[in-house]
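J.: Here it is, the structure, as structure tokens.
The values are calculated or read from the model by the stated rules, or taken from the named source; none is laboratory data. If you're wondering where the values come from, they're calculated on a predicted model, not measured in any experiment.
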Amino acid sequence: MRISAAQRTQNENRIRATMDRLLRGEIPPGGNCDIKTLALEAGVDRTAFYGTRPYAHLRAEFEHRVQQLQQAAETPDPKAAQIERLKTMIDKLKTNLAQANSTIQDLIDFRSQALSRIAAQHDEILRLRASDDLEANITRLPSDRRERRQKIMGPC
């Protein structure tokens, strides 16, 4: 079915008005800032925007204007802006999680090293206490409280 020049002009004006609304961010519920929503809101068949169809130049204009807005860091579609914001947040959280995991691993390694050192020092202390080498210049400390008290206060 062919349309008259007046109908085509009327359709183009309706498409441009819808295009302006979408680019201002007035997206209908369930819609996006895309050709499908543009065609639906303007009341025009979506296939008319592709190939050599009558409104292909309007599709190119719409896509160009959307690209200009995106390059200017403006997103007419609030859902798309939210998606981008959430993707950025996810990337930041992944980075934070990786740093936290790295810190946790470093602390686990440090704890293991500290426990190993403490165990080695304890073994050395026990070895030195058990040593009977009189020339080692080691002063034997009392092993329990009663012995320490007797050493300090003398026999009771």
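J.: Among Glu12, Glu61, which is the only one that is more than 39 Å from the chain's Cα centre (by Cα) and either more than 21 Å from Gln82 (Cα to Cα) or of a type outside the set (D, E, K, R) (or both)?
T.: Glu12
J.: Which one of these is closer than 17 Å to Glu61 by Cα, within 34 Å of the chain's Cα centre (by Cα) and polar (S, T, N, Q): Thr47, Thr37?
T.: Thr37
J.: Checking the conditions here, which among Asp109, Asp91, Asp77 is modelled with pLDDT of 90 or more, within 30 Å of Asn32 (Cα to Cα) and of a type in the set (Asp, Glu)?
T.: Within the list Asp109, Asp91, Asp77, the selection yields Asp91.
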